[in-house]
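Here is the structure we will look at, set down as structure tokens.
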There are 4 protein chains.
Amino acid sequence: MAQLTYEKEITGLIVVDPYNDFISEGGKVWDRIKGVAEVNQCIPHMEQVLQAARTAGIRVFYAMHRRYRPGDYDTWKYIAPIQSSARKSKAFEYGTWGGEIRSEFQPQPGDVVTSEHWGSSGFASTDLDLQLRKRGIEKLIVIGMIAHTCVEATVRYAAELGYEVTVVKDATASYSDDHMHAALAINIPNYASAVVTADEIVEAIAGGRK
Amino acid sequence: MAQLTYEKEITGLIVVDPYNDFISEGGKVWDRIKGVAEVNQCIPHMEQVLQAARTAGIRVFYAMHRRYRPGDYDTWKYIAPIQSSARKSKAFEYGTWGGEIRSEFQPQPGDVVTSEHWGSSGFASTDLDLQLRKRGIEKLIVIGMIAHTCVEATVRYAAELGYEVTVVKDATASYSDDHMHAALAINIPNYASAVVTADEIVEAIAGGRK
Amino acid sequence: MAQLTYEKEITGLIVVDPYNDFISEGGKVWDRIKGVAEVNQCIPHMEQVLQAARTAGIRVFYAMHRRYRPGDYDTWKYIAPIQSSARKSKAFEYGTWGGEIRSEFQPQPGDVVTSEHWGSSGFASTDLDLQLRKRGIEKLIVIGMIAHTCVEATVRYAAELGYEVTVVKDATASYSDDHMHAALAINIPNYASAVVTADEIVEAIAGGRK
Amino acid sequence: MAQLTYEKEITGLIVVDPYNDFISEGGKVWDRIKGVAEVNQCIPHMEQVLQAARTAGIRVFYAMHRRYRPGDYDTWKYIAPIQSSARKSKAFEYGTWGGEIRSEFQPQPGDVVTSEHWGSSGFASTDLDLQLRKRGIEKLIVIGMIAHTCVEATVRYAAELGYEVTVVKDATASYSDDHMHAALAINIPNYASAVVTADEIVEAIAGGRK
């Protein structure tokens, strides 16, 4: 991996959409993800990175998708395909188990849960950028779901905004190896300065802690 | 294709980075693109769509990458990989032939050339969105280079901003079929309401003109 | 007033911060506002405009300030003076009466309550712009609090984004006539295409309804 | 003044619109400004602050208004009052003396001239924020024209984006004392952490240089 450093004062961990609907058995989208996620041990790796960040004193930011509420999208003139899907599936429905954060990933005091995004980028129409900047964060470590949609979108926006980005490739997942390849091998390396494993980032974070 | 309509009052054609360095024989990046571009007849298709838009009275917007100037990026703390490449290659160098728009795609009176982007999205840190909105544009047709970087980024941002987007798949190109697949088959269909051929869009535009 | 029109399909009413803390007897900031607000009958005018918009089928959008929650601002490196004040006063504290919308202004089905802003502009770091655009809104009527901070900021951002803006001068208030003059006579006329009375906008809206 | 510090690595000087049309004898708008500008010695103070910033190694950023070009605004559906004025007066016309930076304020190597803004805020639809962030700038010192329009707008946006802002009150000017009062006494103190004199900022900068 690139020899990046992760000073805790300027590094933030972005956890993208750790909803039960995405990453828990029984979630609405889990069946489409679990093939990849079980092979690369995505969920344990997400936990591992989250724990390492907390231990190192790296602040944690949650980038969360809009939880479906009745009426959402109904009066929009235009709706992107991915929003049509969300509308149809009612993924992350507000007030349901699927719209809750998986228990192992519950926000802790000091974590920042940003306002919800309506598309894929955690930055679009939210306060994520403000919350990061207000704390002097310049470097991002990104984990979560789904590699080729929200994760890639958040990475692209982060790079356009000027952040230095690292993506943890076995702490994300998608519908197939083909989707993972598109996101992690084709696109994200143009925007993320490093694409690493959970083991690698945990070691690098621990190094930065010293 | 989806039965979209393209009313001239609310539709804009976005031409992404039609620089000689990208799309002309002798351009710095052309050798990496021409394999795909010659097979799908990208350049003639771009011309065909541009001509059809002009004939139909659809306004044309140019989303242009920063033309390299001495000193660019030199005092940046962080630089994304794709920006490092641009810095190294000096692609689209200001004042050189490579940094000029290929002759067939020269802006005409009434076209809008927006301010230059520093990353991949034509919207990031530019006036593209403002110029579109000020003219009541709600629907975008996107052509140009490169499919998996600037085109995909511009499409993603457009969808996040609320535009209805159509991408012309044989009026764009990339480094390989693998790159085209990642952009056009995996990612863009989540954000673009239609991914069509040049022939299809030309027919649809002509229909909207009636 | 300028002869603007307010077609219901493209016009939105923006209600800025109708919290009890601002506009109800007993609210934390009311004592500083009520001198002006009682003279210009701000609250009845706000109700009058809101009712007229609903009757005319003009959609209503609520631009709401961050309701104070414990920990807010605590880990920010920099805080603007107006944010320091909000932190100290705990204005609009979440879960308290002061942080609730005054009863006469409760959102109705079909209204849009946007995500909360941390400064003064209803657009900054929120989904207000997205929610407006997705419904084809191009023209805004702005009422609410406080004239020289959140109202002026929201008007300035709206104009920069390309909206046509109308401000209702007796459906807003501030700390003194001097503050009202700065906002309504000096600054806002550069950005709002019309600054009108409640009676004038009600008549214009009714006209647009025909 | 507040005891702010101005470390050169994280501080930027923003020079707003130092066009001949604004600040030179014979400029299109100078007659409306010179009453205030001559009394507060605005131009010499701007020079003094610019020189002090250069000496201290504080990077200089130019936030420049769109220079008028034929066709500008002609096909916009909506135009804000301040843009109508710019269109009518052709202020800062491209290719004319009025659209050039006054000679004493010419950019030097290492300065950053950002893309042009179409309204009042130096941040709206430009790369100003990107250029600042890419260099790690967190604190801004703002000078230039005009106090209640572009300067106030740029300050408001800066605060919303998270910057710590200082305004130099005798290195800006406006149409009257009333306009200066609205900007400098009523509005800007909510967003700028300090409003100081040129002498004060020069002393503070020199202190930060040690």
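The values are calculated or read from the model by the stated rules, or taken from the named source; none is laboratory data. This is a predicted model, so every value here is computed, not measured. Cβ atoms come from the backbone with ideal geometry, glycine included; neighbour counts cover every protein chain shown. Just the protein is used for accessible areas: all its heavy atoms, side chains included, with ligands, DNA and RNA removed. Shrake-Rupley method; radii C 1.70, N 1.55, O 1.52, S 1.80 Å.
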Taking the criterion of being within 14 Å of chain B (Cβ to nearest Cβ) and either in contact with a helix residue (DSSP H, G or I) (Cβ under 7 Å, 6 or more places away or on another chain) or outside any loop (DSSP other than H, G, I, E, B) (or both), would at least one residue in the range A:33-42 satisfy it? yes
Suppose we filter C:192, C:124, C:182, C:158 for residues that are open to solvent by less than 20 Å² (accessible area, probe 1.4 Å), under 24 Å from residue B:162 (Cβ atoms) and assigned to a helix (DSSP H, G or I); which single one remains? C:158
Check whether at least one residue in the range C:25-42 is touching a residue at least 40 places away in the same chain (Cβ under 8 Å), closer than 19 Å to residue C:120 by Cβ and among the aromatic types (Phe, Trp, Tyr), and report yes or no. no
I'm trying to understand the selection: among the residues of the range C:1-32, which are surrounded by 15 or more Cβ atoms within 10 Å (Cβ to Cβ), among the acidic types (Asp, Glu) and either assigned to a helix (DSSP H, G or I) or touching a Leu at 6+ places or on another chain (Cβ under 8 Å) (or both)? C:21
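Looking at the range A:71-111, which of the residues that are among the aliphatic types (A, V, I, L, M) and out of contact with any strand residue (DSSP E or B) (no Cβ under 7 Å at 6 or more places or on another chain) is farthest from residue B:5 (Cα to Cα)? Don't jump to the end; show me each part of the working.
Filtering the range A:71-111 down to residues among the aliphatic types (A, V, I, L, M) leaves A:79-80, A:82, A:86, A:91, A:101.
Among the residues that remain, those that are also out of contact with any strand residue (DSSP E or B) (no Cβ under 7 Å at 6 or more places or on another chain) are: A:79-80, A:82, A:86, A:91.
Values: A:79: 15, A:80: 15, A:82: 20, A:86: 24, A:91: 29 Å.
Checking each candidate, the answer is A:91.
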Kindly indicate which of D:141, D:137 is crowded, with 24+ Cβ neighbours inside 10 Å, at pLDDT 95 or above and more than 30 Å from residue B:9 (Cβ to Cβ). D:141
Failed item, numbered, when residue D:80 is tested on (1) at the interface with another protein chain (Cβ under 8 Å from one of its Cβ atoms); (2) open to solvent by 30 Å² or more (accessible area, probe 1.4 Å); (3) not β-branched (Val, Ile, Thr): (2)
Pairs, please: C-beta under 9 Å, at least 6 apart or cross-chain, first residue within 14 Å of chain A (Cβ to nearest Cβ) and in the range C:98-109, second hydroxyl-bearing (Ser, Thr, Tyr) and open to solvent by less than 80 Å² (accessible area, probe 1.4 Å)? C:107/C:62
All positions within the range D:143-177 that are touching a residue at least 40 places away in the same chain (Cβ under 8 Å), facing chain C (nearest Cβ under 9 Å) and acidic (Asp, Glu): D:164
Search the range A:33-55 for residues being of a type in the set (Gly, Ala, Ser) and open to solvent by 10 Å² or more (accessible area, probe 1.4 Å), and hand back the single one that is farthest from residue A:139 (Cα to Cα). A:35
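For the subset of the range A:112-142 comprising residues that are touching a strand residue (DSSP E or B) at 6+ places or on another chain (Cβ under 7 Å) and polar (S, T, N, Q), which member is nearest to the other protein chains (Cβ to nearest Cβ)?
Let us first name the residues in the range A:112-142 that are touching a strand residue (DSSP E or B) at 6+ places or on another chain (Cβ under 7 Å), namely A:112-114, A:116-117, A:122, A:124-126, A:128, A:131-132, A:135, A:137-142.
The next check asks that each one be polar (S, T, N, Q); those that pass are A:114, A:125-126, A:131.
Details: A:114: 9, A:125: 4, A:126: 7, A:131: 8 Å.
Step by step, filter the range A:112-142, then rank; the result is A:125.
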Matching residues in the range D:92-116 (exposed (fewer than 13 other Cβ atoms within 10 Å of the Cβ) and either at pLDDT below 95 or within 15 Å of the chain's Cα centre (by Cα) (or both)) number 1
Of the conditions (1) at pLDDT 95 or above; (2) surrounded by fewer than 18 Cβ atoms within 10 Å (Cβ to Cβ); (3) touching a helix residue (DSSP H, G or I) at 6+ places or on another chain (Cβ under 9 Å), residue D:200 satisfies every one except a single condition; which number is it? (3)
Can you pull out every residue in the range A:161-170 that is touching a strand residue (DSSP E or B) at 6+ places or on another chain (Cβ under 8 Å), more than 30 Å from residue D:139 (Cβ to Cβ) and open to solvent by 10 Å² or more (accessible area, probe 1.4 Å)? A:169
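For the range D:121-154, enumerate the residues that are among the polar types (S, T, N, Q) and touching a helix residue (DSSP H, G or I) at 6+ places or on another chain (Cβ under 7 Å).
Residues of the range D:121-154 that are among the polar types (S, T, N, Q), as a first pass: D:121, D:125-126, D:131, D:149, D:154.
Scanning the range D:121-154 gives D:121, D:125, D:149.
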